[in-house]
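The values are calculated or read from the model by the stated rules, or taken from the named source; none is laboratory data. Quick caveat: nothing in here was measured; it's all calculated off a predicted structure. Glycine also receives a Cβ, built like all others from the backbone with ideal geometry; neighbour counts cover every protein chain displayed.
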Amino acid sequence: MRHKVFLSHHSADKPAVEELALRMRRELDIEPWLDKWHLTPGQPWQEEIEDAMRECDCCAVFIGKGDPEHGVLGPWQNAEMRALISRQVTERGARFAVIPVLLPGAERGQRSTLPAFLVANTWVEFRHTLDDFETFKRLLAGIRQERPGAPEDGLPALGECPYRGLEFFDVEHASSFFGREAVTQ
């Protein structure tokens, strides 16, 4: 089953959202809908966005830095988000998800400026970088409407520094020292 996800974002955040959309496309069961990729030149774009919002299985609402004039939500993003939350409420049995996603550089304190119906949903937070594997895994789990589960085995524990300084590497440090197999044979 393909999970169609509508990506609602402020124009100022488009580069970050497009980067995540490209990563989503690599997943066989995820089909992101991004305006830049799907709007037909010369056609009324509002109608195409409404169609996409109706056909999607869920929505990710991206919150970034925004701009000084409109804040963290652009005017069109605000309209999209409110329509999608309304759909979430009316289709509760269908489990339509609206996933708030905090982008790097955005502040958690900005949540107080957002609608309560959006803030009430469970968030995905890219706190420092878009390259955070576990956070991306949480986003994919939200799109698939499943629990993300525990972190992957083999990854260093959060807070564990892989740099050992002048100390030696031993078998238990193998997960931090890899990638030179061809050179060491």
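The residue that is nearest to Arg144 (Cα to Cα), counting only those in the stretch 76-132 that are touching a residue at least 24 places away in the same chain (Cβ under 8 Å) and among the small types (Gly, Ala, Ser), is Ala97.
Confirm whether His9 is buried (at least 20 other Cβ atoms within 10 Å of the Cβ) and under 24 Å from Arg95 (Cα atoms). Here the answer is yes, as His9 does meet what is asked.
Yes or no, residue by residue, for (1) modelled with pLDDT of 90 or more; (2) buried (at least 16 other Cβ atoms within 10 Å of the Cβ); (3) in a strand (DSSP E or B):
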| site | (1), (2), (3) |
| --- | --- |
| Pro15 | yes, no, no |
| Glu19 | yes, no, no |
| Glu27 | no, no, no |
| Trp37 | yes, no, no |
| Gly42 | yes, no, no |
| Glu50 | yes, no, no |
| Arg54 | yes, no, no |
| Cys59 | yes, yes, yes |
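Being exposed (fewer than 14 other Cβ atoms within 10 Å of the Cβ) and of a type in the set (S, T, N, Q) is the filter here, so list the residues in the stretch 95-122 that pass it. Hits for the stretch 95-122 are Ser112, Thr113, Thr122.
Here's the yes/no breakdown for (1) outside any helix (DSSP H, G or I); (2) modelled with pLDDT under 90; (3) touching a Pro at 6+ places or on another chain (Cβ under 6 Å):
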site	(1), (2), (3)
Ile85	no, no, no
Ile99	yes, no, no
Gly105	yes, yes, no
Gly109	no, yes, no
Ser112	no, yes, no
Phe117	no, yes, no
Phe136	no, no, no
Gly142	no, no, no
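Picking from residues in the stretch 64-87 that are more than 16 Å from Glu18 (Cβ to Cβ) and in contact with a strand residue (DSSP E or B) (Cβ under 6 Å, 6 or more places away or on another chain), the one that is surrounded by the fewest Cβ atoms within 10 Å (Cβ to Cβ) is Ile85. Going by what's in this entry, would Gly74 be described as of a type outside the set (Lys, Arg) and under 22 Å from Glu31 (Cβ atoms)? It is false that Gly74 is of a type outside the set (Lys, Arg) and under 22 Å from Glu31 (Cβ atoms). Can you tell me which residue in the stretch 144-169 is modelled with the lowest pLDDT, limited to those that are of a type in the set (D, E, K, R) and closer than 24 Å to Ala60 by Cβ? Per the criteria, the residue is Glu152.
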